[in-house]
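These notes are about the structure you will find just below.
The values are calculated or read from the model by the stated rules, or taken from the named source; none is laboratory data. If you're wondering where the values come from, they're calculated on a predicted model, not measured in any experiment. Every residue, glycine among them, receives a Cβ derived from its backbone with ideal geometry; neighbour counts consider all protein chains shown.
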């Protein structure tokens, strides 16, 4: 039952984080979801309940790799999309995950693309 407890803990942490974080049109929320099989990142305007951009390791926009290198590629691609949308800064939502590994790689790649947190 460890996996159930770990997932419940992550969900609790994410709920606690989301109480304080909201995205706007000028400063959208950059939310990250990491599973064992794929990596997802998206920019969300919570005021309009709209997704502005999304990048993942699958599908047409997919980068393909699911490791730290793939996470860097996802972060770079999301940074490019944010620049095209005119976004200068974002609020980072790590989704209850530790700021380590793939989550950290996405954040650093978006920063390198010129987006401020």
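For the reader, a short list of remarks on this structure follows.
- Residue within region 70-90 that is touching a strand residue (DSSP E or B) at 6+ places or on another chain (Cβ under 6 Å), in contact (Cβ under 8 Å) with a residue 40 or more places away in the chain and in a strand (DSSP E or B) present: yes
- Any hit, region 13-28, residues being on the phi < 0 side of the Ramachandran plot, at pLDDT 95 or above and in contact with a helix residue (DSSP H, G or I) (Cβ under 9 Å, 6 or more places away or on another chain): yes
- Test result for residue 66, in contact with a helix residue (DSSP H, G or I) (Cβ under 9 Å, 6 or more places away or on another chain), in a loop (DSSP other than H, G, I, E, B), within 24 Å of residue 10 (Cβ to Cβ) and modelled with pLDDT under 95: yes
- The set of residues in region 106-117 that are surrounded by fewer than 16 Cβ atoms within 10 Å (Cβ to Cβ) and not in a loop (DSSP other than H, G, I, E, B) comprises 108, 111, 112, 116.
- Residue 103 being touching a helix residue (DSSP H, G or I) at 6+ places or on another chain (Cβ under 7 Å), touching a residue at least 12 places away in the same chain (Cβ under 8 Å), in a helix (DSSP H, G or I) and buried (at least 18 other Cβ atoms within 10 Å of the Cβ): no
- Among the conditions (1) in contact (Cβ under 8 Å) with a residue 24 or more places away in the chain; (2) within 21 Å of residue 116 (Cβ to Cβ); (3) touching a strand residue (DSSP E or B) at 6+ places or on another chain (Cβ under 7 Å), residue 39 misses just one, which is (2).
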